[in-house]
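See below for the structure under consideration.
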Amino acid sequence: MNVIGSRPDGWWRDRAAAVLGLIAELDAYAATSGDDVSVVFDGRAPGGGAEAAAVAVEFAPGGRGAADDRIAERVAADSDPATLRVVTSDRELADRVRGAGAEMVGAGGFRRRIDAREP
């Protein structure tokens, strides 16, 4: 949601559409960049198209912050967390993933990469 929220385009009026739109954008980005891309959202998947060909999409049940917890768990469980880049603007999550050995990338900067389709 940090990437979605980095652009004030009215996404909050239709959160489900914003989630599906980001998934589609990440899918196109992953297909052209060659990067392995995963995305984790809080809650349940919206209906219609929450799957992607080039992106691993996960929805973390458990309420607010569940996605952050799941991301931190995935980083901690990775055999080589130094190879991971976590996109977030959340300071607490950034501290957690850095502490586990992953790199942190700001949501706004990543949003610009998606928009420019730069790998």
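The values are calculated or read from the model by the stated rules, or taken from the named source; none is laboratory data. Because the structure is a prediction, the values reported are computed rather than measured. Don't worry about glycine lacking a Cβ; one is built from the backbone with ideal geometry, like all the others, and counts go over all protein chains shown. Calculation scope for accessible area: heavy atoms of the full protein, side chains included, ligands and nucleic acids excluded. Shrake-Rupley method; radii C 1.70, N 1.55, O 1.52, S 1.80 Å.
Per-structure values
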quantity: Protein accessible area in the chain, 1.4 Å probe - carbon and sulfur %; calculated: 47
quantity: Calculated Rg and Dmax of the range 36-79 using C-alpha coordinates, Å; calculated: 11.1, 34
quantity: Label-point gap, in nm, between D14 and R91 - each point 7 angstrom along Cα→Cβ; calculated: 3.5
quantity: For the chain, calculated [θ]222 nm from helices alone, where every DSSP H run of n ≥ 4 adds -39500 (n - 2.57); calculated: -13500 deg cm²/dmol
quantity: Environment charge at A100 (Cβ cut-off 12 Å; Lys +1, Arg +1, Asp -1, Glu -1); calculated: -2
quantity: Most to least packed among 72-78, 1-7 [average Cβ atoms within 10 Å]; calculated: 1-7, 72-78
quantity: For the range 1-71, the spread of Cα positions along each principal axis, largest first, Å; calculated: 31, 27, 23
